[in-house]
Amino acid sequence: MNPEPAIHSVDARLPAWQLALFGLQHVLSMAASPVTAVFLVSRMLSLPSEMTVHLIGATFFVCGAGTLLQSLGAGSIGARLPFVMVPGGAPAMLFAVIATQTDLRTAAGAAILTSLFYWIVLPVFARCLRFFPRVVVGTMLVLVSVSLIKIYAGIVVGQPGTPGFARPQSLGLALLTIVATLAVARLFKGTVGRLAVLLGLAAGTFAGWAIGLMPANGLWSGPLFTLPTLLPFGMPRFDVLAALPMLIFSVISMAEATGQTVAVGEITGRKIDMRRDVPRTIRGDALASSIGALLGTSLIITSAENIGVVQTTGVRSRYVTATAGAMLMLIALFAPLARFAYAIPAPVVGGTALIVFAMIGVMGINLLGKVDLHVRGNQYTLAAALVVGLIPVLVPNVYAAFPGSLQIVLGNGMAAGTLTAIVVNLVFGAWRLAPAEKVQTI
């Protein structure tokens, strides 16, 4: 008799208690993203508090549904990889800007148009996957890491000019969270060691509560259960010109999804078929964004932060992230859980995110380590992409005098750097490679 084939770690079904703990770790690692995205939109548009609470619940619900879709898959939709989905910060900002310039119904229409645009452009984009070799994907991951570290460092210290900017208390709480995470990872092995991110976040949360930064008296105020509302802003209006910034971003998002799919394959040891798996990931993003648009959210995309959790913990099972998806949907329905996620002190969330996003940079460096940097084309591809990608990170508002459409691309270090890497890689003769070589990235 032939022995049964070994189950790949991505497809491993862990015991229920491990699924719950590791799933919770993913949830707490990303919980700040839905809350932050909704409050960004809410504050820019002066939405009433009741609508804000409903939108937070709707965002958690869509993130959970999208996570289940990406983790488990349905036909040709969903990556079947350990992905968690979040509302992107850039699309949330674009949603708010469109709503400010027009109205909420037009912004909702822009989100719907963009989710449909994914499906229209995908066949063309799928033919361009040969332009994402290791040097491009590795550079993209490094730029994603640097960009997100800057954002979450800002969450830790606050904004310059505000009363609490760079308080030692905030920096100390973030440092405590990071040190606790490292201590657990160093001192423990097995399941406990893999829970380093969760336990570090728990230690930081407890410390924040102990010094009065996490009031618990508001957790039970308001309704216990909430349900997402269909078309909360009314019937959407469709304006292609108003939606143009979001449509441009969708192409950038597809490039990012490509890099993240390759990165997860690299981490988990799953062989990635670029022509099959990347379109599956993008279709999952498109469907989740379509559902979210109907419930009042901006675009929903795969989470780079949770890829870092997979790298940090070594837990590769997609059923863990599927469990996280179910938990997110539960949070959406049970309002006190959403309030608890919102109550976690910002320095704790930021401290956890910093170490997780740094691991994404490690992934990029690992990929670049497999690139022959003695080849002139690879040298200049990496150098040019780092220059263009790091300028908007290191010099904020450097493109403030440019037209708005150019600011969207050039002001996003990850997008600008990735596009530069693709173009320079082509200029140095990548098109002369055989098709099979061009598609191979891992």
Quick calc: nm separation of the 7 Å Cα→Cβ label points for residue 16 and residue 271 -> 3.6
With springs only between Cα atoms under 10 Å, which of 25, 159, 407 fluctuates most in a Gaussian network model of the chain?
-> 159
Contact order relative to length of the stretch 43-106, as percent, for alpha carbon pairs under 8 angstrom and 6 or more apart | 27
The chain: most fluctuating residue of 224, 68, 198 per GNM, C-alpha cutoff 10 Å | 224
The residues 331, 422, sorted from fewest to most surrounding Cβ atoms within 10 Å, come out as 422, 331
Given 0.36 nm per residue, what is the gain on full extension from residue 224 to residue 171 after removing their alpha carbon distance, in nm?
-> 15.7 nm
Pull out the extension gain between residue 373 and residue 402, defined as 0.36 nm times the separation in residues minus the alpha carbon to alpha carbon distance; nm, one decimal.
-> 7.1 nm
Taking the Cβ of residue 195 as the center, what net charge do the other residues with Cβ under 14 Å away carry, scoring Lys and Arg +1 and Asp and Glu -1?
-> +3
Length gain on complete extension for the stretch residue 7 to residue 159, per 0.36 nm per residue less the alpha carbon to alpha carbon distance?
-> 49.9 nm
Under Stokes-Einstein, with the Kirkwood radius over Cα pairs standing in for Rh, what whole-number D in µm²/s applies to the stretch 153-243 at 20 °C and 1.002 mPa s?
-> 125
Mind pulling the per residue volume of the convex hull built on the Cα atoms of the chain? Å³ is fine.
-> 162
Residues 297, 302 in order from fewest to most other beta-carbon atoms within 10 Å are 302, 297
Fraction of the pair-distance distribution of the stretch 79-222 above 19 Å, Cα-Cα pairs, percent = 75
Calculated FRET efficiency for the pair residue 238/residue 183, C-beta based, R₀ 51 Å, to 0.05 = 0.45
Between residue 101 and residue 366, what is the label-to-label distance in nm when each label sits 7 Å out along the Cα-to-Cβ direction?
-> 4.0
Taking the inverse of the average 1/r across all pairs of different Cα atoms in the stretch 233-293, what Kirkwood radius in Å do you get?
-> 13.3
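Each value in this text was obtained by applying a stated rule to the coordinates, not by laboratory testing. Since the structure is predicted, the reported quantities are computational estimates derived from the model, not experimental observations. A quick note on method: Cβ atoms are made from the backbone with ideal geometry, for glycine too, and the neighbour counts reach across all protein chains shown.
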